[in-house]
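The values are calculated or read from the model by the stated rules, or taken from the named source; none is laboratory data. A quick note: this is a predicted structure, and the numbers were derived from the prediction, not measured. Because the Cβ atoms are built from the backbone with ideal geometry, glycine has one as well, and the counts that use them run over all protein chains shown. Surface accessibility is based on the protein's heavy atoms, side chains included, excluding ligands, DNA and RNA. Shrake-Rupley method; radii C 1.70, N 1.55, O 1.52, S 1.80 Å.
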Amino acid sequence: QVQLAESGGGLVQPGGSLRLSCVASRIPFSTYTMSWYRQAPGKERELVAVTSGYDGSTDYADSVKGRFTISRDNAKNKLYLEMTSLKPEDTAVYLCKAVGYGMHYWGKGTLVTVSS
């Protein structure tokens, strides 16, 4: 059974930083396109950042460009999201998603709260 497990969320002050992790099991991780999404209360789920399993290229939502960095360690089956200059509007549950071979899988998410 495929599993994606996020960690690293928590409470942080505006302007602060956090690093999220997602560990994947039972998939050929290096070949999957991996993404971070987020969902704030009362809002739709939105794509934050994505990294290709084909060439490692990355893309970001305009709202996080220059502040967030997505990366992956294929040897450890891990996906990361480095978040800096956090704003209250970044508050959300952050979820990782794996896509490949016509399948997609979601983690359960980790809560990030940005508040003073």
> Once you mark the trypsin sites (Lys or Arg not before Pro) that are in a DSSP loop and have at most 16 other Cβ atoms within 10 Å, what is the longest gap between them in the chain?
Replying inline: 77-107
>> Below 14 angstrom from the Cβ of Lys78, what's the summed charge of the other residues (Lys, Arg +1; Asp, Glu -1)?
In response: 0
> What is the P(r) of the chain, as percent of Cα-Cα pairs per 10 Å bin from 0?
Replying inline: 15, 50, 29, 6, 0
>> For Lys87, project a label point 7 Å along Cα to C-beta. Then give me every residue of region 1-25 with its amide nitrogen under 20 Å of that point.
In response: 10-20
>> Under 18 Å from a point placed 7 Å out from the Cα of Ser116 along the Cα-to-Cβ direction: which residues of region 15-54 have their backbone N that close?
In response: 15-17
> In nm, what is the difference between 0.36 nm times the number of residues separating Gln39 and Lys108 and their Cα-Cα distance?
Replying inline: 23.7 nm
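Excluding ligands, DNA and RNA, what is the solvent-accessible area per residue of the chain at a probe of 1.4 Å, expressed in Å²?
Heavy-atom SASA per residue in the chain reads 54 Å².
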>> Given an 8 Å cut-off on Cα distances and at least 6 residues of separation, report the relative contact order of the chain as a percent.
In response: 36 percent
